[in-house]
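Below: the structure, in structure tokens.
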Amino acid sequence: MLILAAIPLGNPGDASARLKEAIISADFIAAEDSRRFGRLCAELGITYEAKIFSFFEGNENERLEPLIEILATGKDLLVVTDAGMPGISDPGYRLTREAIARDIPIRVLPGPSAVTTALLFSGLPTDRFCFEGFLPRTSGARITALDKLRSEERTMIFFEAPHRLLESLQDALTVLGPDRRAAICREMTKTYEETIRGTLSELVEWAASREILGEISLVVAGFDPSGRIFSPEDLADMVLARESQGESRKEAIAEVAKATGIAKREVFDVMVAHKGAGRMGE
């Protein structure tokens with residue numbers, strides 16, 4: 001059986017009884033960092049006799065087949081990461097997918113998650129949210145990724161390296177606007193736990209004034225369509241996009257009016273003007 005187990009984010013007191021039992025009884029353990037795993041076991045006051053395999057992003061693909069072979073013999077394999085749940089921006093997904101393909105049973109030991117912990121710390125809406133993992137490392141790719149999320153209405157959660165946090169916040173401000181609400185969640189459950197809440201403009205100012213250390217989760221409020229001002233060009237683009245998907249002009253205008261809260265007559269007038277402008281440009 002493949003066993004995926006959540007590891008404390010920092011405070012060892014968050015370890016579940018099932019996690020401790022799984023570590024003690026395991027024959028094989030795939031750990032992201034064997035030294036950190038050893039320190040956790042020492043903090044928990046438990047010992048293990050399992051054979052430990054290093055299993056991290058850099059060697060995940062080459063480790064898949066040896067680990068699957070262990071499972072194919074009928075042995076249990078426990079998978080743990082440095083913190084949180086395996087497979088969530090950490091190794092584990094590919095191994096899980098391969099195990100499912102080979103009809104190998106899977107068990108999940110739930111527990112700490114940086115995603116939901118940061119969401120609760122942020123104070124932003126929790127009814128609908130999405131996890132976007134790490135933003136791209138370069139500014140150009142990061143801006144492109146954020147631009148695709150410009151109209152995302154759900155609360156968004158990102159992981160970020162401390163040395164890239166300021167640049168990511170600056171790019172988010174450029175794309176999403178200075179007044180978008182957000183929260184920086186740092187070192188959650190650890191000694192120096194800290195949450196900074198404010199607008200992106202305020203968070204950029206905060207991050208620019210100090211050295212950033214520790215594990216970072218960034219939570220950003222979703223887009224509020226009720227506060228958006230739609231230009232005639234925006235409305236025309238939205239109608240044309242729907243027409244390109246097979247809707248009639250009448251249907252597209254009605255749907256755009258519904259989505260934006262703008263009167264159908266006003267959207268219709270925009271399209272008449274757009275058509276006239278197109279003829280003048282021919």
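Helical content of the chain, expressed as a calculated mean residue ellipticity at 222 nm, amounts to -13500 deg cm²/dmol (DSSP H runs of 4 or more residues, -39,500 (n - 2.57) each, divided by residue number, nearest 500). Length, then width, then depth: along the principal axes, the Cα atoms of the stretch 115-225 run 38, 31, 22 Å.
Rounded to the nearest 20 debye, the dipole magnitude of the stretch 115-225 is 160 debye, with +1 charges on Lys and Arg beta carbons, -1 on Asp and Glu beta carbons, and the Cα centre as origin. Dipole magnitude for the chain: about 420 debye, using +1 per Lys or Arg Cβ and -1 per Asp or Glu Cβ, origin at the Cα centre. Listed from fewest to most Cβ neighbours within 10 Å, the set 215, 152, 251 follows the order 251, 152, 215.
Think of the stretch 229-281 as a dipole: +1 on every Lys or Arg Cβ, -1 on every Asp or Glu Cβ, centred on the Cα centre; then among 238, 252, 272, 272 lies furthest on the positive end.
Taking the inverse of the mean 1/r over every pair of distinct Cα atoms in the chain gives a Kirkwood hydrodynamic radius of 22.0 Å. Across the chain, the mean sequence separation of Cα contacts (distance under 8 Å, 6 or more residues apart), normalised by length, yields a relative contact order of 17 percent. In terms of its C-alpha gyration tensor, the stretch 69-155 has a prolate overall shape, because the principal axis ratio a/c (a ≥ b ≥ c, square roots of the eigenvalues) is not below 1.5 and a/b outweighs b/c. Across all directions, the average projected area of the convex hull around the alpha carbons of the stretch 127-174 is 3.3 nm². Count Lys and Arg as plus one, Asp and Glu as minus one, and take only other residues whose Cβ is under 15 Å from that of residue 196; the net charge is then -3.
Between 0 and 90 degrees, the angle of helix 60-72 with respect to the longest Cα principal axis of the chain falls at about 50 degrees. As a rough guide to protection, the peptides 36-45, 184-193 ranked by mean Cβ packing within 10 Å, highest first, stand as 184-193, 36-45. Its residues counted as N, the stretch 1-141 yields a C-alpha radius of gyration over 2.2 N^0.38 Å of 1.10. Across the stretch 173-187, rounded Karplus estimates of 3J(HN,Hα) from the backbone phi angles (6.51 cos²θ - 1.76 cosθ + 1.60, θ = phi - 60°) give 4, 4, 7, 9, x, x, 9, 5, 6, 7, 8, 9, 10, 10, 6 Hz, Gly and Pro being marked x. Comparing Cα centroids, the stretch 135-195 and the stretch 8-77 end up 31 angstrom apart.
Give me the one-decimal Kirkwood hydrodynamic radius in Å for the stretch 175-253, with the sum taken over alpha-carbon pairs. Value: 15.8 Å, from the Cα pair sum. Tell me the net charge near residue 180. Cut-off is 13 Å between Cβ atoms, residue 180 excluded, with +1 for each Lys or Arg and -1 for each Asp or Glu. Around residue 180, the charge tally is -2. Taking the average, over residues, of other Cβ atoms within 10 Å as the packing measure, peptides 112-121, 164-173 rank 164-173, 112-121 from highest down. Among 156, 85, 238, the largest mean-square fluctuation in a Gaussian network model of the chain (Cα springs under 10 Å) belongs to 238. Between 96, 73, 126, the GNM of the chain built on Cα springs shorter than 10 angstrom shows 73 fluctuating the most. What is the calculated FRET efficiency for residue 27 to residue 190, with r their C-beta to C-beta distance and R₀ = 30 Å, to the nearest 0.05? So, using R0 = 30 Å, E works out to roughly 0.45. Between residue 39 and residue 231, the contour length at 0.36 nm per residue exceeds the Cα-Cα span by 63.4 nm. Summing charges over neighbours of residue 253, with a neighbour being any other residue whose Cβ is under 15 Å away from its Cβ, gives -1 when K and R count +1 and D and E count -1.
The mean sequence distance of close C-alpha pairs (under 8 Å, at least 6 residues apart), as a share of the length of the stretch 115-225, puts its relative contact order at 35 percent. Taking other Cβ atoms within 10 Å as a rough exposure proxy, 213, 240, 109 sort from fewest to most as 213, 240, 109.
In the distance distribution for the stretch 229-281, Cα-Cα pairs more than 16 Å apart total 32 percent. When peptides 50-56, 260-266 are sorted by average Cβ neighbour count within 10 Å, with the highest value leading, the order is 50-56, 260-266.
Every number here is computed from the coordinates shown, using simple stated rules; none is lab data. This structure is a prediction, so every number in the text was calculated from the model and none was measured. Cβ coordinates were reconstructed from backbone atoms using ideal geometry, including for glycine residues, and neighbour counts include every protein chain displayed.
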